[in-house]
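This report refers to the structure that appears directly beneath it.
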Number of protein chains: 2
Amino acid sequence: LAAGTAAFAQTDPLPSWNDGATKTAIVEFVEAVTTAGGPDFVGAADRIAVFDNDGTLWAEKPAYVQLFFALDRVKALAPEHPEWTTQEPFASVLKGDMKGALAGGHKAIAEIIAATHSGMTTDDFAETVAAWFSTAKNPEKDRLFSQMTYQPMHELLDYLRANGFQTFIVSGGGIDFMRVFSDDLYGIPPAQVIGSTGQLKFELQDGVGPVLIKQPEIALVDDGPGKPVGIQMHIGQEPIFAFGNSDGDLQMLQYTCLPEGPSFCGIVHHTDAEREWAYDRNSDVGKLDKGLDAAAADGWTVVDMKSDWKTVFPAEGNN
Amino acid sequence: LAAGTAAFAQTDPLPSWNDGATKTAIVEFVEAVTTAGGPDFVGAADRIAVFDNDGTLWAEKPAYVQLFFALDRVKALAPEHPEWTTQEPFASVLKGDMKGALAGGHKAIAEIIAATHSGMTTDDFAETVAAWFSTAKNPEKDRLFSQMTYQPMHELLDYLRANGFQTFIVSGGGIDFMRVFSDDLYGIPPAQVIGSTGQLKFELQDGVGPVLIKQPEIALVDDGPGKPVGIQMHIGQEPIFAFGNSDGDLQMLQYTCLPEGPSFCGIVHHTDAEREWAYDRNSDVGKLDKGLDAAAADGWTVVDMKSDWKTVFPAEGNN
Ligand SMILES: [Ca+2]
Ligand SMILES: [Ca+2]
């Protein structure tokens, strides 16, 4: 028995998941769709798995990582924009008054994103993100953002890929932002990252060559009903496996799991105030309300972070 | 010698390409970027190859395949649109007067495309295309459109993939149209097809489930400067290998081959009036004018179809 347990422990593909209904549901689904000749077999070409990012693959509290980036960019760019000292939401950002800055809601955030995410080439933007990301930390946990991914989700991505799945990110975050770190962080190459997308303009610049200039206009808001749209535009196939954590994932989960045929839908429920954060129906970031009801009604798997995850974040130095 | 020739013939990855400068340029490039430790080595993750479709992977004369589909759909849908009997460009289409129908230029074509490519679910559209495509023939050659792909380009796609390249279609054609046959025809899965894209609307329909409704509004015109834009949006990496056939590919070729580093750009020059069609600088479909000049200036490889290709189309029954 001891030898058998050791052998199982060695080959457990999800060591950071505690045994229980959640882990069992994942493993049974993967085994069912990969069992050749079985009633739920799905060919490798159709094993499409999609993952939300913020709150699903990494932490999103106290605010989205990309918002911290945007706010730091406002400060860095302020010398070129003297008008920002009196113009909201920039004036509040520069005074360090985040509450004031975000009082303008979606419109204020959109202005901050446009001011910090357009007007440069895609290459220059990627370099700026990479430099920022190499040192930026979560202010509450004093830990690099790159170290605030979820260890159990890393194992799940690896497990799915080892079973012939293609793994995609489908996030409300910016596509050009996430692609800077998606491969290093998650083993997900740029072509498998779907996110909110700005228009681009091609220019052949003298002495520079061909470049793409990021425009302020939006091509795709990859959130809510925009997630199935992004999936169709980029992948062109319906996923059979989807994971999210908020009501912004509801339509992606419906699109994956309501049609006939084998499918798996999971929701990360943030229940761990000690190791991470605890929030759901009343949260401003990552609100999970309709999603919890839909999960109960449709039989989706809800991960109880506190009880299902043996560890939350990777050991320091890994991701 | 005979034995050596036979061995080479057996292993020649491009048997439908005649020996000469064009074939040599392709093979030497692929060998250079796949030679580990060599000065031009490119890791597999960066071996991105992009191909135009119409006129590059298959024939585009006397008109784009998708236009024949759209015209046939106008005829099929006419009973539901009595107003079309007097409304241009539909009236001319229904009278079989193609010249009259296309007299309205881009605007007329856009109206025909909108009327035949929107208002249905993506699934219904795909079924309609598949049914049409299974029997539709090129009117001049009396050959199935599915049999009008270029045998040498099939071999090139296979050769690149065998050498670790990822192959993408980057076409002005409709993304949802091409994805119906791209995998069967070219071994290119839906997620690696980039094309002109319409907006989509997610709906959760009673008794049906989640669907995406094709909208008449355009999200991306994947032609000319839109091709590098589509490449960035979908792939997020610069290609190192690109093939096109018209001025609509110019910016894609510039984007691939003007930056520093190993790269290959090819143009299919239609020079074979007997086996296919001969056209370039003055053609209405597939005009190749600036592209020929750029190829000469920048050292891109121009395929002379007549002399470089041993065969043009696959043997009947294959593709
Ligand atoms: Ca989320
Ligand atoms: Ca073309």
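Just so you know, all these numbers are worked out from the coordinates, no wet-lab data involved. These figures come from a predicted structure and were not determined experimentally. Cβ: placed from backbone, ideal geometry, glycine included. Neighbour counts: every protein chain shown.
Quick one: compute the contact order of region A:209-260, relative version, from alpha carbon pairs under 8 angstrom and 6+ residues apart, as a percent.
Dividing the mean separation by the residue count of region A:209-260 yields 34 percent.
Could you list A:249, B:272 in order of exposure, starting from the residue whose Cβ has the fewest other Cβ atoms within 10 Å? The partial results should precede the final answer.
Details: A:249 32, B:272 16.
Lowest count first: B:272, A:249.
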Q: Given the options A:33, A:208, A:285, state which has the largest fluctuation in a GNM of chain A using a 10 Å cut-off (strictly under) for Cα springs.
A: A:208
Q) Most mobile of A:286, A:119, A:105 per a Gaussian network model of chain A (Cα springs, under 10 Å)? A) A:105
**Q.** Unit charges on C-beta of K, R, D, E only; dipole of the protein assembly as shown, Debye
**A.** 180 debye
Q: For chain A, find the longest principal axis of its Cα atoms and tell me its angle to the long axis of helix A:151-162, 0 to 90°, nearest 10.
A: 70 degrees
Q.
Using only Cα atoms and rounding to the nearest 10 degrees, what angle (0 to 90) does helix A:21-34 make with the longest principal axis of chain A?
A. 80 degrees
Q. How much of the DSSP beta bridge set in the protein assembly as shown is antiparallel, as a percent to the nearest 5?
A. 45 percent
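Looking only at other chains, what is the average number of their beta-carbon atoms within 10 angstrom of each beta-carbon in A:202-210? Don't skip to the answer; put the middle values down first.
Values: counts 12, 3, 7, 0, 0, 0, 2, 6, 12.
Mean shielding by partner chains, rounded to a whole number: 5.
For chain B, what is the mean residue ellipticity at 222 nm derived from helices alone (per DSSP H run of n ≥ 4: -39500 (n - 2.57); sum divided by total residues; nearest 500 deg cm²/dmol)? Write out the running numbers ahead of the final one.
On the way: 14 runs with 123 residues, N = 319.
It comes out at -11000 deg cm²/dmol, rounded to the nearest 500.
Of A:99/A:227; B:214/B:287; A:214/B:227; A:227/B:214; A:137/A:287, which sit over 27 Å apart, Cα to Cα? All intermediate terms of the calculation are to be shown ahead of the outcome.
Numbers: A:99/A:227 29 Å; B:214/B:287 30 Å; A:214/B:227 15 Å; A:227/B:214 15 Å; A:137/A:287 23 Å.
The pairs that break the limit, which is 27 Å between Cα atoms, are A:99/A:227; B:214/B:287.
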(Q) Compute the distance from the alpha-carbon center of region A:104-127 to that of region A:223-283, in whole Å. (A) 26 Å
Q: Taking the dipole about the Cα centre of the protein assembly as shown, with the C-beta of Lys and Arg at +1 and of Asp and Glu at -1, give me whichever of B:216, B:167, B:55 is farthest to the positive side.
A: B:216
Q) Relative contact order for region B:1-155 using alpha-carbon pairs under 8 Å, separation at least 6, rounded to a whole percent? A) 25 percent
**Q.** Packing-based order for A:60-69, A:92-101, using average beta carbon neighbours within 10 Å, highest first
**A.** A:60-69, A:92-101
Q: Enter the angle in degrees (range 0 to 90, nearest 10) between the Cα long axis of helix A:122-133 and the first principal axis of the Cα atoms of chain A, meaning the one along which they spread out most.
A: 70 degrees
Q | GNM flexibility winner over chain A from A:81, A:269, A:117 (Cα, springs under 10 Å) | A | A:81
Q. When you look at the Cβ of every residue in A:223-236, what mean number of other chain Cβ atoms sits within 10 Å?
A. 6
Q. Across peptide A:104-111, how many C-beta atoms of other chains are within 10 Å of each residue C-beta, on average?
A. 0
Q) Kirkwood hydrodynamic radius (Cα pairs, Å) of the protein assembly as shown? A) 26.7 Å
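With +1 on each Lys and Arg Cβ and -1 on each Asp and Glu Cβ, and nothing else charged, work out how big the dipole of chain A is about its Cα centre, in Debye to the nearest 20. Could the numbers behind the result be given before it?
On the way: 22 positive and 45 negative charges, 69 e Å.
With only Lys, Arg, Asp and Glu charged at Cβ, the dipole is about 340 debye.
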